[in-house]
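The next block holds one structure in the form of structure tokens; read it before the comments.
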Amino acid sequence: MIGEWLDIGPVSQIAPGHARTLPVRGGEEIAVFHTLDNRFYALVNRCPHKAGPLSQGIVHGNVVTCPLHSWNISLKTGEALGDDQGCVPTIPLKVDAGRIYLLREAVVGRRAA
Amino acid sequence: MNAPMSFDKSAGSQAFAERLVVIGNGMAGCRAVEEILARDPARFAVTIFGAEPRVNYNRIMLSPVLAGEKAFDDIVINPDEWYAGNGITLVSGDPVVAIDRVTQTVASRSGRVEPYDRLLIATGSDPFIIPVPGHDLPGVVTFRDLDDVEKMLAAAQHGGHAVVIGGGLLGLEAAHGLALRGMAVSVVHLMPTLMERQLDEAAGYLLKTELERRGQTILTGADTAEILEKDGHVAGVRLKDGRELPADIVVMAVGIRPATGLAKAAGLDVERGILVDDHMVTSDPAILAVGECVQHRGQCYGLVAPLWDMCRALADHATGRSTGYTGSVTSTKLKVSGIDLFSAGDFSGGDGAEDIVMRDAARGIYKRVIVKDDRLVGTVLYGDTADGSWYFDLLRKGEDISAIREALIFGQAFAQGGALADPNAAVAALSDDAEVCGCNGVSKGKVVATIQAGACSLDAVRSQCKASASCGSCTGLVEGLLRLTLGEDVQSGPKTMCKCTSFTHSDVRRLIVEKQLKFIPQVLQELGWTTPDGCASCRPALNYYLLCAWPGEYVDDQQSRFVNERMHANIQKDGTYSVVPRMWGGLTNPRELRAIADVVEKYNAPMVKVTGGQRLDIFGIRKEDLPAVWADLNAAGMVSGHAYGKSLRTVKTCVGSEWCRFGTQDSTGLGVKLERMTWGSWMPHKFKIAVSGCPRNCAEATIKDFGVVCVDSGYELHVGGNGGIKVRATDLLCKVETEAEAMEVCAAFIQLYREQAWYLERTAPWIERVGLDQVKAALFDDAAAVPALAARFRHSQQFMQDDPWARRAAGENADLHQHLAEVRPLEFV
Ligand code: SRM
Ligand SMILES: Cc1cc2nc3c(=O)[nH]c(=O)nc-3n(C[C@H](O)[C@H](O)[C@H](O)COP(=O)(O)OP(=O)(O)OC[C@H]3O[C@@H](n4cnc5c(N)ncnc54)[C@H](O)[C@@H]3O)c2cc1C
Ligand code: SF4
Ligand code: FES
């Protein structure tokens, strides 16, 4: 798989329970999350409801609560939980030797319309 | 030899045996040889090179050796006789320095050249050393082999201070050993949780508390800047935040790296580890590799269990029966005496994954199992690990647990106890004198009697016999007894804080103070939360309750704050922010107006607006620009207006006696003073104040949380007003004669609200709930109450009146405002 992964830096850049953003020129901004039990996930930073920036939500378990109207979005699948309907694209992510990698084609392939 | 058919192993077989050379006399290398010998003792003539000058020993037992619980002789796996008896040549203390794949030979440091037919690389890992200044000083050691242990023991003879860098399994075992050997030990760990790869926040917190109780200093979230020197030897460690720790020895235990140097130099395929297939064959078919130095299906391992599986597959293949290795699920135990801790599998939850959590605060137990699609996928156990292997077995086999799900968390005995698997039946089976509530010593019989005497809700049981009123860990049992005794007639109690707990907001507030709970993970543990880390509704509430209970002591948890409070600005529908600087009492001046105008232009703010709270709101600021905007506003003397906070918002005023023909008192001046006294304070909800100069009430003081209406003879103080969704006019609290009294009552009232209201309850619903009479009684029945409450408010304000914008503008929490990086696709395509 070497070469297909984008190295976006060390895990220590994102404190547990927080998220940080990765703008993609000509594409959609990505939010990278670090949960309280030390897992990492990446989603397009756009809530399926009204495009709220998910990176700014509260992270609990592997769910983020959108800062605009409190939809709960699964970090694993990008799907809205509970009664809400909608899904945001996830970006394949791996952690290796303390660094975070995103699948390049998922990052650059997502051009803004 | 002329007796090829001989069955005599040492003579005959050697002649035709393939030459197997093993690099690495460690756990994997020797186990692989043992496995091969068990299958076909005659197949290979074996030579083992070992860098360490000794026989094969059990590396994981170095921790007990350091702790003084074992001697080296106790941990030897294969003594000299094993090598001799199996015809193995051991070359110890002489590492291999090169592999020549063309001539199929290896060369050792001493110059020995050994030909091979098959080569096995089992070089293990090298400890990772963070390259900070001073990392190569004498007295800086790693923890990997017996030499390291001997260095630590030599240092410990003189007592003194040890600093262990790294709070993972190895670091904590080193710290434990050195502490038992009489050193004062500090552990410096980069992440906020110890052993974060194996433990969740809850278990990490319990572990830290226990180690601290034993006298170790545990510094989490601490980054090493430099190792300090004195007289050519290590003398201390300086952290990035400036703290310095004295050290006579520094142990670096920050991680390991597969030892791949030889393989790489020989041109084998290497990524993080040496790449091997399912039969442990490298990219050269004549070369095998096994142990921590390999990477199999993308995984590198740092524990022994996977090595055993690898060695079996390797030996099968080498002796002609390919079975193949498919990867391992691992589990971890910490070898620190008296601390029981077990973790296995995936504890990140996931969709459809459900957490089952059990906490027993009285016994210091936390258990969590993660279930997905009726299978167990992970577990974290602290304090009681007796069922660890049972859970691990369920996990590895992927067994369907739906039949025992309800009782799973209680462990094997319970879950497999037939009828007992029904929790109601289990409760029914308890004898009458079985203790249900350990904290308050209440038996089952007592609880049932209380229920029969009329307590038909959890809350009634709690207040009448105290069962489940303290730590809450027996709540499930009490609820079971309610169901058993009353069937359908159980009344659900008052609303609990959220789905993570059976306690109400009031219970939680009371217990935080009573039990001196000081951190969120501690509250979750002591009050038996049913989720591992709470949710988006309880975390902000707990953060506030702790902040209110322990001013100056509690460290705010940013992660538990809603975005606006974390960013100190209001998020807008397009993801940008609005910025509202404070305008004391609604007053402003040319300097402030100019600064605002400049900011609007400089950052292209699309809109600036006069708010309903008598100040200006600048819209459309990007999160990256916020610190710079604040720096500019700060420079003109303005601070955060907290338009985003569950905190003091605005103090609206009217012109008052200074200008107005009807004004009776200086309403503007009093408004400014009130705002100066109260700004920065965190509250259960937002809090608004207004001061009107006469009963015409132009500042709308009678729909504010605290409103002052000035009259000729003094000041009428009103409370509990609300504009907003449901309008409520204020109640008159009292009338006072002087400004000073008005301010004192204001401070006392705010503090009462801060200490009593539930999170997200404004003063209006709070007063409706407890009643105005209660509020008046709490303030005025005892003449000492107002001064005492006001003093507590002022004490807390001393820590709160610190402009959050100024700190951010100066660089605090910069990562909240900056992107990780920017991806410019053209450069990659
Ligand atoms: C900016 C402002 C409107 C304006 O342009 O005038 C405003 C804007 C918002 N108000 Fe307000 N309120 C503003 C004055 C008011 C007032 C008037 C006042 O304070 O005299 C009220 C009625 C008085 C009251 O609070 O009782 C008011 C009652 C509300 C409510 C209903 C509160 C309630 O208890 O029912 C909400 C909703 C909430 O807080 O949950 C709300 C919430 C909001 C939020 C925070 C909505 C949100 O969560 O995003 C808006 C934030 C906009 C932003 O990003 O800045 N706003 N809001 C005013 C800011 C005042 C300031 O300088 O800080
Ligand atoms: C203190 C400590 C406690 C541990 N506790 C646990 C535990 O509780 N549970 C658990 O599962 N795991 C534990 N581990 C990890 C476990 O010990 C390792 O996973 C295991 O030892 C790896 O085996 P290996 O053969 O791959 O490497 P090693 O056992 O390290 O063997 C590699 C050997 O190769 C030698 N070598 C390297 N290069 C050369 C060369 N060029 N020429 C010749 N020889 C060379 C090395 O000197 C070493 O002796 C612990 C480790 C340590 C250090
Ligand atoms: S009234 Fe509604 S729309 Fe207007 S600012 Fe307040 S919350 Fe927003
Ligand atoms: S935009 Fe996310 S909940 Fe509305």
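Taken together, the residues in region B:468-509 that are touching a strand residue (DSSP E or B) at 6+ places or on another chain (Cβ under 7 Å), surrounded by 20 or more Cβ atoms within 10 Å (Cβ to Cβ) and under 28 Å from B:TRP766 (Cα atoms) amount to 1.
Counted as qualifying within region A:3-98 are the strands (runs of 3 or more DSSP E) with 1 or more residues that are within 8 Å of another protein chain (Cβ to nearest Cβ), namely A:5-10, A:18-22, A:30-34, A:58-60, A:63-65, A:72-74, A:93-96.
Scanning region B:294-320 for residues that are at pLDDT 95 or above, within 14 Å of chain A (Cβ to nearest Cβ) and within 10 Å of ligand 2 (Cβ to nearest atom) yields a count of 0. Filtering region B:338-360 to residues that are over 30 Å from B:GLU35 (Cα atoms) and either modelled with pLDDT under 80 or within 12 Å of chain A (Cβ to nearest Cβ) (or both) leaves B:ASP346, B:PHE347, B:SER348, B:GLY349, B:GLY350, B:ASP351, B:GLY352, B:ALA353, B:GLU354, B:ASP355, B:VAL357. If you check B:THR576 against the conditions, is it surrounded by fewer than 21 Cβ atoms within 10 Å (Cβ to Cβ), within 14 Å of chain A (Cβ to nearest Cβ) and not aromatic (Phe, Trp, Tyr)? So B:THR576 passes the test. When the helices (runs of 4 or more DSSP H) confined to region B:52-170 are screened for residues that are within 12 Å of ligand 2 (Cβ to nearest atom) and more than 14 Å from chain A (Cβ to nearest Cβ), those reaching at least 2 such residues are found at B:62-67, B:146-156.
For B:LEU307, the requirement of being under 20 Å from B:MET61 (Cα atoms) and crowded, with 23+ Cβ neighbours inside 10 Å is met. Pairing each residue of region B:551-580 that is more than 18 Å from A:TRP71 (Cα to Cα) with any residue that is in a helix (DSSP H, G or I) and within 16 Å of ligand 2 (Cβ to nearest atom), provided the two are 6+ apart or on different chains, yields no C-beta distance under 9 Å. Within region B:241-261, if we keep just the residues that are within 28 Å of the chain's Cα centre (by Cα) and within 11 Å of ligand 2 (Cβ to nearest atom), the residue that is farthest from B:GLU229 (Cα to Cα) turns out to be B:PRO258. Among the numbered conditions (1) over 29 Å from B:MET61 (Cβ atoms); (2) more than 14 Å from every other protein chain (Cβ to nearest Cβ); (3) charged (D, E, K, R), the only one that B:ASP248 does not meet is (1). Evaluating B:THR332 against the criteria (1) part of a helix (DSSP H, G or I); (2) under 31 Å from the mean Cα position of the chain (by Cα); (3) at pLDDT below 90 leaves one unmet condition, (1). Return yes when B:ASN564 is surrounded by fewer than 20 Cβ atoms within 10 Å (Cβ to Cβ) and within 14 Å of chain A (Cβ to nearest Cβ) and no when it is not. Considered against the rule, which asks whether it is surrounded by fewer than 20 Cβ atoms within 10 Å (Cβ to Cβ) and within 14 Å of chain A (Cβ to nearest Cβ), B:ASN564 comes out as yes. Name the single residue, out of those in region A:53-89 being more than 16 Å from ligand 1 (Cβ to nearest atom) and in contact with a helix residue (DSSP H, G or I) (Cβ under 8 Å, 6 or more places away or on another chain), that is nearest to B:ARG566 (Cα to Cα). Within region A:53-89, the match that is nearest to B:ARG566 (Cα to Cα) is A:VAL59. A search for C-beta distances below 7 Å between a residue of region A:45-56 that is over 15 Å from A:THR90 (Cα atoms) and any residue that is of a type in the set (Lys, Arg) and within 15 Å of ligand 1 (Cβ to nearest atom), counting only pairs 6+ apart in sequence or on different chains, returns A:LYS50/B:LYS573.
The values are calculated or read from the model by the stated rules, or taken from the named source; none is laboratory data. Nothing here was measured: the structure is a model prediction, and the numbers come from that model. In this analysis, Cβ positions are derived from the backbone assuming ideal geometry, glycine residues included, and neighbour counts consider all displayed protein chains.
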